[in-house]
Amino acid sequence: TQHTLIRQSSRSNVRLRPIPNHQLTHYVRSSTLYINPHSHSLQCPNRPHSERDSRKEISDSIYISVEFSSNPVREKQRKMVANQPEKEHPVPAFGLAARDPSGVLSPFNFSRRATGEKDVKFKVMYCGICHSDLHMVKNEWGTSTYPLVPGHEIVGEVTEVGSQVEKFKVGDRVGVGCMVGSCRSCDNCSNGVENYCPKMILTYAGTYHDGTITYGGYSNVMVCDEHFVVRVPDALPLDAAAPLLCAGITLYSPLRYYGLDKPGIHVGVVGLGGLGHVGVKFAKAMGAKVTVISTSPAKKQEAIERHGADSFLVSRDQEQMQAAMGTLDGIIDTVSAVHPIMPLIGLLKTHGKLVLVGAPEKPLELPVFPLLMGRKIVGGSCIGGMKETQEMLDFAAKHNITADIEVISADYVNTAMERLEKGDVKYRFVIDVAKTLQQG
Amino acid sequence: MAKSPETEHPQRAFGWAARDPSGVLSPFNFSRRENGDEDVTIKIHFCGICHSDLHSIKNEWGIARYPIVPGSCDYCNQQLENYCPKMTFTYGSIDRDGTPTYGGYSDIVVVDQHFVVRFPDSMPFDAGAPLLCAGVTVYSPMKYYGMADGPAGKHLGVVGLGGLGHVAVKIGKAFGLKVTVISHSPGKEGEAVGRLGADGFVVSSDPLQIKAAVGSMDYIIDTVSAVHVLTPLLALLKTNGKLITLGLPDKPLELPIAPLVLGRKLVGGSDIGGMKETQEMLDFCAKHNITADVEVIPMNQVNVAMARLAKSDVRYRFVIDVANSLSK
């Protein structure tokens, strides 16, 4: 059967035509597109319109064929990588890659660059599975290129350092988080917030300075610029420290920036998953009183007994929420699904701060009255800079903070992803790379 | 049996009130309390017309209690500190003695001295009156959100060039900020840059102009009270930028989260200012020769003014000449 457009906007500048079946994997479900009223182009919300969305799921929906302008650099990379991942660089490497938006990971042979003057090469011991990995292998944000090797909670031991490396030597315990490069010259880079650099390079599915695609930590070896490598303190076990490199810094940074790190402050943490449980630990260590806000009453006992939260609110329980109104100085909201923030704003005291670290796909409803009447703010935060990431690890070592993990073997990874999708993990999967990752 | 507005209190008073959500104002006899030990009785000379008055008399927020005598922009001020949960509004609220408060579209008002500010001698009554709401509404968040802290050269965007916006431009410049006006009306550029002293002007409905200004502002003060799109405004902010919204739309706004997360940006609110701050603001404005741009009208033109205000047809605040035009 062929799918055809049933409705065409007169303001669209897109040519619309029937789509042959075999091309369906490359096209987008019509419900995810909208017409941009200014440029009159057909766009996916929150997705750059120079990329093609390749959601594989096929249903009875109507599809629209879209001709996006292609990005010549990306196209070149795609061809390069698709043809020659093993030959791209001189150092053989292997890992787990997703080949398409089904997200299924399988053994993948590729290569790493030679250790440059400022590079640190390390054997990967463990890599945490972040929910972002799940979004990326399925191309849910529209930015994925395949094959995709995820993993940005990477820890291991240094095997080689470049001639100009000053901070690390062979044998050091190190980690790499969500970024492996930035412009190093803009205001953000100069201020130690490389994470907000407009040219920040992601650890995987990014484009490195040499034009090649970056591959992440579900692999046996990493080569990374010294600036983006952190030391894992001896006091922290490598496996349980891995998730701190994303989940940890994602919570640590806003607690500091938004001033929620003072003793006696009352902080709420929404969502008790990979991010949330680490957030509770950091906030407690900073001296805060912590309330966990969750949709699942079943999580209450662990929240309080295992993670040290002072109290627990079931967000769907109107009475509990009402009783807690105006009690929190700040809230870190780790939930990435679309959800109402008005009740959360109501929990805040005057001058309270709601900080989102998950990014829902669609805009949320912002009730303006409560914001004004209480001089409250809604802000965001995204990981943290390199200096702060090291500071976070040192703080964690001092206060004995690690993630609660389930260590898995590499061949369990697809099952782990399925369980992660259902929230069935306490509270982070970590792949035992060194012992279980096999060559493809 | 409930007392009538005329007999509720011992001092006779006269003003104009709205009786219902049509918002039409007409003469209204009522009364004011006796001047207590802590009170000040003020003969009102001028009262500014604030857009909130229009929202209130038409019950656009759904909380109206008629009859409403609006006017909180008279040269004596709001009751009770602005974020106190028990704050009593100058009008449309229930006062501590259980009676409704009536605002400044009236001949006299009796106010607790704590909530009265001194009007600087150098400041004209008529052009200064709007500062009591519009002035403090923009001054307060500029201080609270750090816009006056320096270093020099920070960049403030002001969305909407109306009663609040034009005062924000003047105060922003006095704080040493670079100020860009963001407006959907290209026609306002001449005034914004020429007369009010803004450094730049961006037409918000022009995507090319917005694109050129992306990531250029440290702060944005959004004075627009209609429901509007926040996404382009957030794009104008630098990393760590702050969008302060002051308008009170009758529906929630749509807030895209990715720009907040990816740029560590925030959206904050602010509501007028405290008493000490209001006095500080008046003194600051007097020192920097800042007043509102006003159109003075007699009381019997108030309904016409409201209709024009609804269409934003005013440069930039109506002020009622109460003392000279309020006749029984």
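Looking at chain B, what % of the alpha carbon pairs are farther apart than 37 Å?
Counting pairs separated by more than 37 Å, the tail of P(r) holds 17 percent.
For A:Val292, what is the net charge nearby, where nearby means another residue's Cβ is under 15 Å from its Cβ and Lys, Arg count +1, Asp, Glu -1?
Working: positive: A:Lys281, A:Lys284, A:Lys289, A:Lys299, A:Lys300, A:Arg306, A:Arg316, A:Lys426; negative: A:Glu302, A:Glu305, A:Asp310, A:Asp317, A:Asp333, A:Asp404.
Combined, the nearby Lys, Arg, Asp and Glu give +2.
Computed over the Cα atoms of region A:225-281, what is the ratio Rg over Rh, Rh following Kirkwood?
Numbers: Rg = 13.0 Å, Rh = 12.8 Å.
Ratio of gyration radius to Kirkwood radius: 1.02.
Please name which of B:His288, B:Asn300, B:Asn324 has its Cα lying farthest along the dipole of region B:240-328 towards the positive end, using unit charges on Cβ (Lys, Arg +1; Asp, Glu -1) and the Cα centre as origin.
B:His288
Would you calculate the separation in nanometres between label points at A:Glu117 and A:Arg99, each defined as 7 Å from the Cα along the Cα-to-beta-carbon direction?
Placing both labels 7 Å along Cα→Cβ, they lie 4.1 nm apart.
Take every DSSP beta bridge whose two residues both sit in the protein assembly as shown, then give the antiparallel share in percent to the nearest 5.
Working: 68 of 120 bridges.
Percent antiparallel among DSSP bridges in the protein assembly as shown is about 55.
For B:Asp222, enumerate residues with amide H under 5 Å from its amide H, sequence gap 5+ or separate chain, H modeled in the peptide plane.
B:Val159, B:Ile244, B:Thr245, B:Leu246
Sorted from fewest to most neighbouring beta carbons within 10 Å, what does the list A:Tyr412, A:Tyr196, B:Tyr91 look like?
Numbers: A:Tyr412 16, A:Tyr196 24, B:Tyr91 28.
Ranked by crowding around the Cβ, least crowded first: A:Tyr412, A:Tyr196, B:Tyr91.
Each residue of region A:412-427 in order: what ³J(HN,Hα) in whole Hz does its phi give by Karplus 6.51 cos²θ - 1.76 cosθ + 1.60, θ = phi - 60°, with x for Gly and Pro?
Once rounded to whole Hz, the list reads 8, 4, 5, 5, 4, 4, 5, 5, 4, 4, 8, x, 8, 7, 10, 10.
Each residue of region B:108-119 in turn: what ³J(HN,Hα) in whole Hz from Karplus with 6.51, -1.76, 1.60 and θ = phi - 60°, glycine and Pro shown as x?
Values, residue by residue: 9, 9, 10, 9, 4, 4, 4, 9, 10, 10, 8, 8 Hz.
Take peptide B:245-253, look around each residue's Cβ out to 10 angstrom, count Cβ atoms belonging to other protein chains, and average those counts. Kindly include the intermediate steps, with their values, before the conclusion.
Numbers: counts 4, 2, 2, 4, 4, 2, 3, 10, 7.
Taking all residues of B:245-253 together, the mean is 4.
FRET efficiency for B:Lys311 and A:Lys167, Cβ-Cβ distance as r, R0 = 41 Å, nearest 0.05? Present the calculation step by step, with values, prior to reporting the outcome.
Values: r = 64 Å, r/R0 = 1.56.
Approximately 0.05, to the nearest 0.05.
Please list, in chain and number order, the residues 5+ apart from B:Val40 or on another chain whose amide H is under 5 Å from its amide H, with Hs placed from the backbone.
Here the answer is B:Val111, B:Asp112, B:Gln113, since their amide H atoms fall under 5 Å of that of B:Val40.
Around A:Gln438, with a cut-off of 14 angstrom between Cβ atoms, what is the net charge of the other residues, counting Lys and Arg +1 and Asp and Glu -1? Intermediate values should be presented prior to the final figure.
Numbers: positive: A:Lys435; negative: A:Asp411, A:Asp432.
Result for the local shell: -1.
Report the normalised scattering of the protein assembly as shown as log10 I(q)/I(0) at q = 0.10 Å⁻¹, calculated by the Debye formula with identical scatterers on the alpha carbons.
-1.05
For B:230-243, what's the mean count of beta carbons from other chains sitting within 10 Å of each residue's beta carbon? Walk me through the numbers before you get to the answer.
Numbers: counts 2, 1, 1, 0, 1, 0, 0, 0, 3, 10, 7, 0, 2, 3.
Averaged over the peptide's residues, the number is 2.
Could you list B:Val138, A:Val120 in order of exposure, starting from the residue whose Cβ has the fewest other Cβ atoms within 10 Å? Numbers along the way, then the final one.
On the way: B:Val138 30, A:Val120 27.
Final ranking by Cβ density, sparse to dense: A:Val120, B:Val138.
Per q in 0.18 Å⁻¹, report the Debye log10 I(q)/I(0) for region A:263-386, using one uniform scatterer on each alpha carbon and no solvent.
Log10 of I(q)/I(0), two decimals: -0.93.
So, with +1 on the Cβ of K and R and -1 on the Cβ of D and E, and no other charges, what is the size of the charge dipole of region B:1-146 about its Cα centre, to the nearest 20 debye? Each step should come with its number before you reach the end.
Numbers: 12 positive and 17 negative charges, 54 e Å.
The calculated dipole for region B:1-146 is roughly 260 debye.
Consider a paramagnetic label point 7 Å from the Cα of A:His339 along Cα→Cβ; state which residues of region A:386-430 have an amide N under 16 Å from it.
A:421-425
So in chain B, what percent of DSSP beta bridges are antiparallel if you round to the nearest 5? All intermediate terms of the calculation are to be shown ahead of the outcome.
Working: 22 of 48 bridges.
The antiparallel proportion sits near 45 percent.
Within 10 Å of each Cβ of A:350-362, how many other protein chain Cβ atoms are there on average? Walk me through the numbers on the way to the answer.
Numbers: counts 4, 3, 0, 2, 2, 4, 6, 3, 2, 7, 5, 3, 3.
Mean number of neighbouring Cβ atoms from other chains: 3.
Using a ≥ b ≥ c from the Cα gyration tensor of region A:320-399 (square roots of the eigenvalues), is it rounded, prolate or oblate, where a/c under 1.5 gives rounded and otherwise the larger of a/b and b/c decides, a/b for prolate? The partial results should precede the final answer.
Details: a/c = 2.26, a/b = 1.65, b/c = 1.37.
Prolate, since a/c reaches 1.5 and a/b exceeds b/c.
Would you be so kind as to identify which of A:Val314, A:Val230, A:Ala242 lies farthest towards the positive end of the dipole of region A:198-337, taking Lys and Arg as +1 and Asp and Glu as -1 on Cβ and the Cα centre as origin?
Comparing the listed Cα positions along the dipole, A:Val314 ranks first.
Quick one: Karplus J couplings for region A:353-361, per residue in order, coefficients 6.51, -1.76, 1.60, θ = phi - 60°, nearest Hz, x for Gly and Pro?
Result, rounded to whole Hz: 10, 9, 10, 9, 10, x, 10, x, 5.
Just how large is the dipole of the protein assembly as shown about the Cα centre, in debye to the nearest 20, putting +1 at every Lys and Arg Cβ and -1 at every Asp and Glu Cβ? Mind dumping the intermediate values first?
On the way: 79 positive and 79 negative charges, 252 e Å.
The dipole magnitude comes to about 1200 debye.
Work out the charge dipole of the protein assembly as shown with +1 on the Cβ of Lys and Arg and -1 on the Cβ of Asp and Glu about the Cα centre, then indicate which of B:Ala18, B:Ala134, A:Thr115 is farthest towards its positive end.
A:Thr115
What ranking do B:264-275, B:213-224, A:126-137 get when scored by the average of other Cβ atoms within 10 Å per residue, highest first? Before the final figure, lay out each step's value.
On the way: B:264-275: 23.4, B:213-224: 20.8, A:126-137: 25.5.
Per-residue Cβ counts within 10 Å, averaged per peptide and sorted highest first, yield A:126-137, B:264-275, B:213-224.
Between A:Ser185 and B:Lys276, what is the FRET efficiency for a Förster distance of 56 Å, r being their Cβ-Cβ separation, to the nearest 0.05? Present the calculation step by step, with values, prior to reporting the outcome.
Details: r = 44 Å, r/R0 = 0.79.
The formula returns an efficiency of 0.80 here.
Using unit Cβ charges (K, R positive; D, E negative) and no other charged atoms, how large, in debye to the nearest 20, is the dipole of region A:239-345 about its Cα centre? Please list the in-between numbers first.
On the way: 9 positive and 9 negative charges, 26 e Å.
I would put it at about 120 debye.
Between region B:29-62 and region A:303-327, how far is it from one alpha carbon centroid to the other, in angstrom?
42
Which cross-chain or sequence-distant (5 or more) residues have an amide H under 5 Å from the amide H of A:Val232, H modelled 1.01 Å from N in plane?
Those qualifying (amide H under 5 Å, at least 5 residues apart or on another chain) are A:Arg173, A:Val174, A:Gly175.
Throughout, read-outs are computed from the coordinates displayed, never taken from laboratory work. Just so you know, these numbers come straight off a predicted model, no measurement behind them. Every residue, glycine as well, gets a Cβ built from its backbone with ideal geometry; the counts of neighbours run over all protein chains shown.
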